1. If you take the residues of the stretch 42-66 that are hydroxyl-bearing (Ser, Thr, Tyr) and within 30 Å of VAL326 (Cα to Cα), which of them is farthest from the chain's Cα centre (by Cα)?
2. So, in the stretch 61-110, of the ones that are under 25 Å from GLY285 (Cα atoms), touching a Lys or Arg at 6+ places or on another chain (Cβ under 7 Å) and among the aliphatic types (A, V, I, L, M), which residue ends up modelled with the lowest pLDDT?
3. Filter the stretch 333-363 for residues that are without any contact (Cβ under 8 Å) to a residue 60 or more places away in the chain and in a strand (DSSP E or B) and give the result.
4. Within the stretch 136-143, identify whether any single residue is under 26 Å from ALA160 (Cα atoms), assigned by TED's automatic domain parsing to the domain that holds LYS162 and in a helix (DSSP H, G or I), and answer yes or no.
5. Go through the stretch 364-382 and give me each residue that's among the aliphatic types (A, V, I, L, M), assigned to a strand (DSSP E or B) and surrounded by fewer than 18 Cβ atoms within 10 Å (Cβ to Cβ).
6. Condition test on ARG277, is it part of a strand (DSSP E or B), under 25 Å from LYS228 (Cα atoms) and not aliphatic (A, V, I, L, M)?
7. Can you tell me which of (1) modelled with pLDDT of 95 or more; (2) surrounded by 13 or more Cβ atoms within 10 Å (Cβ to Cβ) is the one ASP143 doesn't meet?
8. Of the residues that make up the stretch 203-211, is at least one part of a loop (DSSP other than H, G, I, E, B) and modelled with pLDDT of 95 or more?
Amino acid sequence: MIFNRSTATAVALAAVSLTLAACGQGKGGAGMPGAGGPSAVGVVIAHTEPVSLTRELSGRTSAVLVSEVRPQVSGIVKARLFEEGGYVRAGQALYQIDPASYQAAYNSAAAGLAQAQATATAAKLKADRYKTLVESGAVSKQDNDDAQAAGQQAAANVAAQKAAVDAARINLGYTRVVAPISGRIGKSAVTPGALVTAGQATALATVQDLSRIYVDLTQSSTELLKLKHDMANGQTGRAMSAQVTLKLEDGSTYPVAGRLAFSDVTVDPTTGSVGLRATFANPNGVLLPGMYVRATLSAGTAQNGMLIPQPAVTRDPKGNATVMVVGAKGLAEPRQITTSQTIGDKWLVTDGLKPGDQVIVEGLQKVRPGAPVKAAVITAQR
């Protein structure tokens, strides 16, 4: 085979290049990043500390006091005496029902009482006189007994007429429909000229006291049992003194903290949940009945809690929580842990770690189990 000069030169240059590449791999490959040296990672040092425990539950608001206004006598509504949506005080007149027939009934009862009192006076005088005369034999005992009975009957009639007057007065007073409690009143269900009946099913209006608001929450019975277990172990405060904060529908936080009032005594068999109720002051009327809220319940403090940043925790194929820690020989080791809940951007770890463990937070993507690592401590921020 015949080689010209250009071909020989190309072959020589290729041989030199291969030799230089081989030398470079033999001398510098072990020191290149990612080619066998320890990987730089960021770690946090596990430690215990007091951790405030919280639970977030959904719920609805309701007024502490609610009163549906209904008429107690029948008649025609002559006037509405309040402004819809306004504030009313207990005893304030809300509606006026035509009082004419009730006024007449009262006048009739009063007249009947006067007549009964006059009859009773005459009967008493006769009974007193016969009582004296019977002793002297001027009247028979029978006549005296009749006079005494007539006097007692007249007195009983007076009492009955007084009761009739009281009933007529009460019915006449009911023509003025008043607010049973103080609070905000809603829209009116009737207008002047409407016929209303005593004890009707439809309320004329509804008054709600919004100075305080209930928040009704639901919690699973399992979580409630755990809460009671923690309370028994002294890890949490009493449920009746637990503080509650609210997050409103628009994502804002309600500025006034509330208190857990009580928990229900029955588990709902269809949902397996228990009702909780918290009370909140509502000085500015921000909370309205029926609002959907998210409540964060302060359930006490875990005295030996351990918090690990969420990015450090991964899940294995079985769903178990795992972290990578730096072992005694500077090698990465997987560790299975148990978590109970999130606290902000961290997991609360209840098992699997001990104080002093170096948990890898940064550089996890380039770390494999058993690989050497070079750890740098990251200052944890709460």
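The values are calculated or read from the model by the stated rules, or taken from the named source; none is laboratory data. Worth saying up front: this structure is predicted, and the values here are computed from it rather than measured. Here Cβ is always computed from backbone atoms with ideal geometry, including for glycine, and neighbour counts include all displayed protein chains.
1. Step one: filter the stretch 42-66 for residues hydroxyl-bearing (Ser, Thr, Tyr), giving 48, 52, 54, 58, 61-62.
Next, only the ones that are within 30 Å of VAL326 (Cα to Cα) stay: 48, 52.
Working: THR48: 32, SER52: 20 Å.
Here the residue is THR48.
2. Of everything passing the filter in the stretch 61-110, VAL64 is modelled with the lowest pLDDT.
3. First, pick out the residues of the stretch 333-363 that are without any contact (Cβ under 8 Å) to a residue 60 or more places away in the chain: 333-340, 342, 344-347, 350-352.
Within the stretch 333-363, GLU333, PRO334, ARG335, GLN336, THR338, THR339, SER340, THR342, LYS346, TRP347, THR350, ASP351 qualify.
4. Filtering the stretch 136-143 down to residues under 26 Å from ALA160 (Cα atoms) leaves 143.
Imposing the further condition that a residue be assigned by TED's automatic domain parsing to the domain that holds LYS162 reduces the set to 143.
Among the residues that remain, those that are also in a helix (DSSP H, G or I) are: 143.
So far as the stretch 136-143 goes, yes, one or more of its residues are under 26 Å from ALA160 (Cα atoms), assigned by TED's automatic domain parsing to the domain that holds LYS162 and in a helix (DSSP H, G or I).
5. ALA376, VAL377
6. Working: part of a strand (DSSP E or B): yes; under 25 Å from LYS228 (Cα atoms): yes; not aliphatic (A, V, I, L, M): yes.
In short, yes.
7. That leaves (1) as the condition not met.
8. Filtering the stretch 203-211 for residues part of a loop (DSSP other than H, G, I, E, B) gives 203-204.
Next, only the ones that are modelled with pLDDT of 95 or more stay: 203-204.
Yes: one or more hits.
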